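Undergrad: Mind having a look at this structure? Questions to follow.
The values are calculated or read from the model by the stated rules, or taken from the named source; none is laboratory data. Every value quoted in this text rests on a predicted model; they were computed, and no experiment measured them. All Cβ positions, glycine included, derive from the backbone under ideal geometry; neighbour counts span all protein chains shown. Ligands, DNA and RNA are stripped out before the accessible areas are found, and what is left, the full protein with its side chains, is counted by its heavy atoms. Shrake-Rupley method; radii C 1.70, N 1.55, O 1.52, S 1.80 Å.
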Amino acid sequence: MDGATRFPPNDLLKAHRNRRCWTQEQLAEALGTSSKNVGRWERGVTSPSPYYCQRLCEVFGVSPWELGLLQQDPVLPPTAGS
C-alpha cells in the first residue's frame, strides 16, 4: 500500500462483532457486503462508507462513537440554566 491512506484498526467494531459471537462473514451477511470488507474495516485498511456506518449502527444498536466510526464526541448544545 504505497502512499495509501490507512485508518487506525477498529478494535471497537471487532469487539462488538465478537460480543455477538459472529464471524466476519456473518456480520457481512447482515450488512449486505463481503467479509473481505469487514476485515478491511477492522484492520484499518479502509473505512466503511456512510451507508455501511449507518448499517453497522443499526445492526449493533449503538452510536457511531461506540463503534469507533467517529473519533470525537459530538458537541452538545448547552442545557438550560447552564
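Undergrad: May I ask for the net charge around ARG43, where only other residues with Cβ less than 12 Å from the Cβ of ARG43 are counted and Lys, Arg are +1 while Asp, Glu are -1?
TA: +2
Undergrad: Then there's this: For segment 1-62, with all protein chains present and a 1.4 Å probe, just round the carbon and sulfur fraction of the accessible area to a whole percent.
TA: Answer for segment 1-62: carbon and sulfur cover 50 percent of the accessible area.
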